[in-house]
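Asks: If you scroll down you'll find the structure; I have some questions about it.
Just so it is clear, none of the values below were taken in a lab; they were calculated from the coordinates. Small disclaimer: the values here were computed from a predicted structure and weren't measured. Cβ sites come from the backbone with ideal geometry, for glycine too, and all protein chains shown count toward neighbours.
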Amino acid sequence: MKKLLLLAIVALTVLAGCTKANPVYKVGVGSVTTIQPRAAVAETAGRIRVNTTIATVVLDKDGKFVSVEIDVAQQDATFDVAGAIVKAEAAPTKKEKGAAYNMKGSSAIGKEWDEQVKALEAWMIGKTLAEVKALPLTEGDIKDGEDLKSSVTITVTDYLAAVEKAVANAVELENVAKVGGASVSSIQPRAAVAETAGRIRVNVTVAAVALDKDGKVVAAMIDVAQNDATFDVAGAIVKAEAAPTKKEKRRCL
C-alpha cells in the first residue's frame, strides 16, 4: 500500500487555483471494469482479459473539471485446453506503457493511446459532467463531425463511465494544491482440476491523494477492483462477470 501511495504522489497534478487562499475542490476517484473471456482451443490458449478503467477528477465550486486523469489497467492471463495456467503476469497500465502500447501504427489518426486519452482529458477541463456526458457518440466512439474526433478515435464509453463514478465519489476538500492518482495490479492464477474450476483473479488497487501547498496529505482515497473469472479442465469458460469494487460492495451491505 505504501508503494501505491508513493506512485500516486509521483503522479501529482498541480492545480491551477493552488495559489488562491484556502482553495476548495471536490476530489474523487472511480473505476469501471469489464472482462473479456476467451475459451481455449487446440490452436489458441484461452484468455481472461480484465480491463479496469480508472479516473481521478478534481472539480471546482461550480462543478467544472479542473483536472481529469484517466488510465486503464489491462491485465491478461492465459490457460490451455487442459485448464493449466500458461501465463499470468501483471502488466503496466496503458499510460505507463506509453509508446510501447503500440497503437500508433494502426491508428487512423496516427496517435498512440496515451496521446488520445490526454486529448480527451484536456477536452473535459472547464466543462461540467453534464456537458461531458452530452458528447455525441456512435456505439461508444465519438461521432463523426465532432472536433474532438480528430484527436480521439478510441472508444470512450468506459472512460466517461469511470469519470462519472469519480464525480459521484468526490468529496469536498479545503487547501488542496495537488492531486495524484495511481494503480497497482496483481494476478492470482489457479489451474483447473477435476473437482475445482480454474480461476484468474485480478486485483487492481487504486489510490488518489490530495496534498496542500506544504506537501501534507489532505486526503487519501483507496479502493480495490477484485475480479474473478473461471474455466474448467477443458479450457471452457465457466463464469466471467465483472464485480463491484470492495468499497462498492460495502455500500451495498
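Asks: Choose one of ALA219, ALA130, GLY198: the residue whose Cα lies farthest towards the positive end of the charge dipole of the range 2-251 (beta-carbon charges +1 Lys, Arg; -1 Asp, Glu; about the Cα centre).
Replies: Of the options given, the answer is ALA219.
Asks: Nearest 500 deg cm²/dmol is fine: what mean residue ellipticity at 222 nm does the chain get from its DSSP H runs of n ≥ 4 alone, each adding -39,500 (n - 2.57), divided by its residue count?
Replies: Rounded to the nearest 500, the figure is -5000 deg cm²/dmol.
Asks: Would you mind calculating the gained length between SER107 and LYS64 on full extension (0.36 nm times residue separation, minus the Cα-Cα distance), in nm to one decimal?
Replies: That pair, SER107 and LYS64, stretches by 12.4 nm at full extension.
Asks: Under a plain spin-label model, where a point goes 7 Å from the Cα along Cα-to-Cβ, how far apart in nm are GLU174 and ASP147?
Replies: 3.8 nm
Asks: Between GLU89 and ALA194, how many nm apart are label points set 7 Å from Cα along the C-beta direction?
Replies: Placing both labels 7 Å beyond Cα along the Cβ direction yields 3.4 nm.
Asks: If you don't mind, another one. From the residues VAL27, GLY98, VAL233, which one has its Cα farthest along the dipole of the range 2-251 in the positive direction, the dipole being from +1 and -1 charges on Cβ of Lys/Arg and Asp/Glu about the Cα centre?
Replies: Of the options given, the answer is VAL27.
Asks: Quick one: P(r) of the chain from all Cα-Cα pairs, 10 Å bins, percents rounded to integers, in order of increasing distance.
Replies: Values per bin, smallest distances first: 7, 28, 32, 22, 8, 2, 0.
Asks: Something else now. Going by Cα centres, the range 27-83 and the range 198-253 are how many Å apart?
Replies: 10 Å
Asks: What is the magnitude of the charge dipole of the chain about its Cα centre, with +1 placed on the Cβ of each Lys and Arg, -1 on the Cβ of each Asp and Glu, and no other charges, expressed in debye to the nearest 20?
Replies: Roughly 620 debye, rounded to the nearest 20.
Asks: Give the value in nm², to one decimal: projected area of the alpha carbon convex hull of the range 100-179, averaged over all directions.
Replies: It is 6.6 nm².
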